[in-house]
Amino acid sequence: MTAISSSTSQISPVNERIYHQSNLLGDWKGTSSQGNQPVEFKVINIRGTQAQVEYTHNGHTDRGFGDVNGATISFGDVTIGTRNGSQAAFEFSTGSAKWTAILSKQSSTTDQNKLVGNWSGFSRQNGQVASVQVVSINGLDAQVNLTVNGVLHQGTGTVSKNSIMFAGATISSTDGSNGNVVFTVGHNTYSVPVTKAQPSSSSSSVNKLA
């Protein structure tokens with residue numbers, strides 16, 4: 001098991017590779033097909049087959065744990081699923097009553113910005129080496145240069161809160177300083193701890209709000 005999004009999320013590399021379960025993490029908002037009522041569904045973390053969620057409807061919020069099944073989460077009478085991590089299909093069903101909604105993931109700029117930078121590391125446990133340059137993040141798209149054991153991959157990755165999926169690898173960090181790169185070589189999955197290179201600064205009094 002490996003941490004993917006928040007410090008309390010645990011998603012297996014197999015489920016991430018097949019279902020991209022980390023795409024479900026985040027704050028989803030939209031309106032119902034019945035009455036155009038606002039709907040909000042937050043997936044706080046995923047631990048194996050359970051997800052900690054908050055479901056807000058009709059001005060009321062239900063909190064608890066939903067069941068994770070592939071790329072969907074069921075919580076009481078509702079089910080949510082996503083393929084691309086930006087839009088989700090949402091369904092309410094109980095007895096003969098049924099309605100649906102299309103929810104959009106709300107961006108989390110603060111979390112995303114933590115991933116921008118140069119990351120590198122080496123695993124003494126498995127001998128693997130990885131380095132990642134997250135050049136920029138725009139919404140759910142990240143420009144990434146990933147080097148694993150000397151092989152360079154360049155392109156656009158998909159952002160989900162504190163993680164980026166790119167070229168079959170997952171780059172994640174909860175604090176913006178330390179993280180992990182999980183990738184597959186052949187039939188084996190490896191995890192390499194990485195740290196972010198801190199940019200040199202000639203002044204410690206920079207106004208970060210400027």
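Only the coordinates and a few stated rules stand behind these numbers; no lab work does. Note that the structure is a prediction, hence the values are computed from the model and not measured. Heads up, the Cβs are rebuilt from the backbone with ideal geometry, glycines too, and the neighbour counts pull from every protein chain shown.
Brief remarks on what is shown
- In straight-distance terms, cross-link reach from Lys105 covers every one of the lysines whose alpha-carbon lies under 19 Å from its own, apart from those fewer than eight places away in the same chain; here that gives Lys29, Lys42, Lys114, Lys161.
- Backbone geometry of the stretch 87-102 corresponds, through the Karplus equation with coefficients 6.51, -1.76 and 1.60 at θ = phi - 60°, to 3J(HN,Hα) couplings of 10, 10, 8, 10, 9, 10, 8, 8, x, 8, 7, 8, 8, 10, 7, 9 Hz, x marking Gly and Pro.
- Sum of -39500 (n - 2.57) over DSSP H runs of 4+, divided by residues of the chain (222 nm, nearest 500): -1500 deg cm²/dmol
- Test item: Cα-centred dipole of the stretch 13-105, Lys/Arg +1 and Asp/Glu -1 on Cβ, debye: 200
- What the phi angles of the stretch 17-26 give under the Karplus curve with 6.51, -1.76 and 1.60, with θ = phi - 60°, is a coupling list of 5, 7, 9, 6, 4, 5, 4, 6, 5, x Hz, glycine and proline written as x.
- Two-decimal log10 I(q)/I(0) for the stretch 13-105, as the Debye equation yields it once each C-alpha is a single scatterer, q = 0.12, 0.24 Å⁻¹: -0.33, -1.28
- With one equal scatterer per alpha carbon and no solvent term, the Debye-computed log10 I(q)/I(0) for the stretch 109-196 at 0.12, 0.16 1/Å reads -0.29, -0.53.
- Grouping the Cα pair distances of the chain into 5 Å bins from zero gives a pair-distance distribution of 1, 7, 15, 18, 17, 13, 10, 8, 5, 3, 1, 0, 0, 0 percent in increasing distance order.
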